[in-house]
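In what follows, a structure is listed as structure tokens, so that the remarks can point back to it.
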Amino acid sequence: CVANLQVPAEDVTIPVETFDDGSVKVMIFAKKAQYFLDKGLVWAEDVTVRRLKPDGRLEACIEAKNCVVDRFSKSGWAEGAAKVTHGKTVFRGNGIFFSSPDAYVKVFNGSDVESADLRFGGAL
């Protein structure tokens with residue numbers, strides 16, 4: 001995508017996925033972004049990807065310097081440093097892949113996890 005950038009839009013919000021009722025489930029906030037309509041891709045810089053609950057509250061958030069999101073598969077890739085927040089759990093790493101339909105995030109290098117609510121079975 002980077003090699004094919006023309007004139008990216010600035011300060012954009014892009015819906016990626018919706019719930020059955022039409023409300024937004026996943027959205028991108030970016031300082032700069034460009035659509036590649038023929039491939040269903042969005043390149044974004046200084047990006048935050050937010051996944052919302054059905055009631056509109058934040059479920060998870062990904063922050064990265066740059067990211068490519070596939071609007072068809074509702075998944076994305078971020079090269080370099082990224083931060084993922086889900087509840088009271090935060091993890092950082094380099095090179096991440098995320099899939100909204102499968103509800104997961106994978107860090108490829110140097111992961112670091114901090115959590116105030118991660119439980120390994122049973123109530124605390």
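The values are calculated or read from the model by the stated rules, or taken from the named source; none is laboratory data. Predicted model only: the values in this text are computed from it and were never measured. So basically every Cβ, Gly included, is an ideal-geometry build from the backbone, and we count neighbours across all protein chains shown. Just so you know, the surface numbers come from the protein's heavy atoms only, side chains and all, with ligands and any DNA or RNA stripped out. Shrake-Rupley method; radii C 1.70, N 1.55, O 1.52, S 1.80 Å.
Structure above, values below:
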read-out: Qualifying residue in segment 17-33 (condition: among the basic types (K, R) and either at pLDDT below 90 or in contact with a helix residue (DSSP H, G or I) (Cβ under 8 Å, 6 or more places away or on another chain) (or both)); value: no
read-out: Strands (runs of 3 or more DSSP E) (entirely within segment 1-107) containing at least 1 residues that are of a type in the set (S, T, Y) and open to solvent by 60 Å² or more (accessible area, probe 1.4 Å); value: 9-18, 24-36
read-out: So F72, is it out of contact with any Leu (no Cβ under 9 Å at 6 or more places or on another chain) and aromatic (F, W, Y); value: no
